[in-house]
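Here is the structure we will look at, set down as structure tokens.
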Amino acid sequence: ELTYKITWYGVLAGIGKLKVSDKALYKGKEVYRLASQGVTAGVIGKFYTVDDRLEVLIDPQGLYPYYAFLSQQEGKRRKTTEVFFNQGKNKITYITNNGRPREFTAPTEVLDILSSLYFYRSQKLTEDNSIQMKVFNNKKIFSAQAKILGKERLKTPMGELLTFLVQPTISLNGTSYTKGNAVMWLTADERKIPVKIKIKAPIGHILATLVDYKSE
């Protein structure tokens, strides 16, 4: 379980969490349960409430998803999204607010945003290797890749560690959407823990810094 302090211009804006639970069963298949949560905090939380939660069930070997559930509360707005990944038939079923299902064609072993992070962390990372992924998000299939820009030593809750500085890029039909907009620091060991994430915002940058790490 990873806990992050989220700041904007150095001011506390929220708390984020990433967690992997014990194996469970989903439609007769063994799965891992991934969860993420982001909530507003501090002064910003007093003026605007955000509580976004995502749970994803993934294959233990390939780390691709079978099912994802997203609950979003942003101010007075509430929304739920269910995504069913039929990996055997290359189909995705997408349901918003318990409404009419929409179906999409998907490539083999397509990922979602959360499972793509864990898939990337499972790969052998080198500075001359760019990992390619197909990611379904917001009813679109994106081509994603992540490239290591270099190494940097950072202070973390686990002590001072060497980290990889990684830049993810997402593109659709050849057009890049996020180049230079986000970077993350992963520990340069077998755990590849994300200890810091920096995201370019419309004004300034949002910084997520690991403040607590628990492992069972």
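Quick grid of which residues meet (1) closer than 30 Å to residue 101 by Cβ; (2) touching a strand residue (DSSP E or B) at 6+ places or on another chain (Cβ under 8 Å):
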site: 133; (1), (2): yes, yes
site: 153; (1), (2): no, yes
site: 160; (1), (2): no, yes
site: 168; (1), (2): yes, yes
site: 190; (1), (2): no, no
site: 206; (1), (2): no, yes
site: 215; (1), (2): no, no
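Select from the stretch 40-55 the residues that are more than 15 Å from the chain's Cα centre (by Cα) and touching a residue at least 12 places away in the same chain (Cβ under 8 Å) and list them in ascending order. Talk me through it step by step, then tell me what you get.
Here is the first cut: in the stretch 40-55, the residues more than 15 Å from the chain's Cα centre (by Cα) are 40-51.
Across the stretch 40-55, the qualifying residues are 40, 41, 42, 43, 44, 45, 48, 49, 50, 51.
Need a quick list: strands (runs of 3 or more DSSP E) entirely within the stretch 129-216 having at least 2 residues that are open to solvent by less than 80 Å² (accessible area, probe 1.4 Å), more than 22 Å from residue 17 (Cβ to Cβ) and in contact (Cβ under 8 Å) with a residue 24 or more places away in the chain.
Working: elements: 131-137, 140-156, 159-172, 182-187, 194-200, 205-213.
Where strands (runs of 3 or more DSSP E) fall fully within the stretch 129-216 and carry at least 2 residues being open to solvent by less than 80 Å² (accessible area, probe 1.4 Å), more than 22 Å from residue 17 (Cβ to Cβ) and in contact (Cβ under 8 Å) with a residue 24 or more places away in the chain, they are 140-156, 159-172.
Name the single residue that is most open to solvent (accessible area, probe 1.4 Å) among those in the stretch 111-128 being charged (D, E, K, R) and outside any helix (DSSP H, G or I). Spell out the reasoning first.
Within the stretch 111-128, the subset charged (D, E, K, R) is 112, 121, 124, 127-128.
Narrowing further to those that are outside any helix (DSSP H, G or I): 112, 124, 127-128.
On the way: 112: 10, 124: 165, 127: 97, 128: 139 Å².
Step by step, filter the stretch 111-128, then rank; the result is 124.
Select, from 39, 83, the only residue that is in contact with a Ser or Thr (Cβ under 9 Å, 6 or more places away or on another chain), under 18 Å from residue 14 (Cα atoms) and aliphatic (A, V, I, L, M).
The unique qualifying residue is 39.
Just a yes or no: is a residue in the stretch 93-106 outside any helix (DSSP H, G or I), of a type in the set (Asp, Glu) and in contact with a Phe, Trp or Tyr (Cβ under 6 Å, 6 or more places away or on another chain)?
Within the stretch 93-106, the subset outside any helix (DSSP H, G or I) is 93-106.
In the following step, the residues that additionally are of a type in the set (Asp, Glu) were identified as 103.
Subsequent filtering for residues that are in contact with a Phe, Trp or Tyr (Cβ under 6 Å, 6 or more places away or on another chain) retains none.
No: the stretch 93-106 contains no residue that is outside any helix (DSSP H, G or I), of a type in the set (Asp, Glu) and in contact with a Phe, Trp or Tyr (Cβ under 6 Å, 6 or more places away or on another chain).
Whether any residue in the stretch 56-68 is surrounded by fewer than 16 Cβ atoms within 10 Å (Cβ to Cβ), within 18 Å of the chain's Cα centre (by Cα) and within 18 Å of residue 114 (Cβ to Cβ) is what I want to check. Reasoning before the result, please.
So the first thing to find is which residues in the stretch 56-68 are surrounded by fewer than 16 Cβ atoms within 10 Å (Cβ to Cβ), and the list is 60-62.
If we keep only those that are within 18 Å of the chain's Cα centre (by Cα) as well, we get 60, 62.
Adding the requirement that they be within 18 Å of residue 114 (Cβ to Cβ) leaves 60, 62.
Yes, because at least one residue in the stretch 56-68 is surrounded by fewer than 16 Cβ atoms within 10 Å (Cβ to Cβ), within 18 Å of the chain's Cα centre (by Cα) and within 18 Å of residue 114 (Cβ to Cβ).
Among (1) under 25 Å from residue 192 (Cα atoms); (2) open to solvent by 20 Å² or more (accessible area, probe 1.4 Å), which single condition is residue 76 missing?
Of (1) under 25 Å from residue 192 (Cα atoms); (2) open to solvent by 20 Å² or more (accessible area, probe 1.4 Å), only one is false for residue 76: (1).
Starting from residues that are at pLDDT below 95 and among the β-branched types (Val, Ile, Thr), keep the ones in the stretch 184-216 and report whichever is farthest from residue 126 (Cα to Cα).
Among them, the one singled out is 203.
Return the residues of the stretch 1-31 that are open to solvent by 40 Å² or more (accessible area, probe 1.4 Å), in contact (Cβ under 8 Å) with a residue 60 or more places away in the chain and not hydrophobic (A, V, I, L, M, F, W, C); say none if nothing qualifies.
Selection gives 1, 5, 9.
The values are calculated or read from the model by the stated rules, or taken from the named source; none is laboratory data. Note that the structure is a prediction, hence the values are computed from the model and not measured. Note that each Cβ is placed from the backbone with ideal geometry, even for glycine, and that neighbours are counted across all protein chains shown. Side chains included, ligands, DNA and RNA excluded: accessible areas come from the protein's heavy atoms. Shrake-Rupley method; radii C 1.70, N 1.55, O 1.52, S 1.80 Å.
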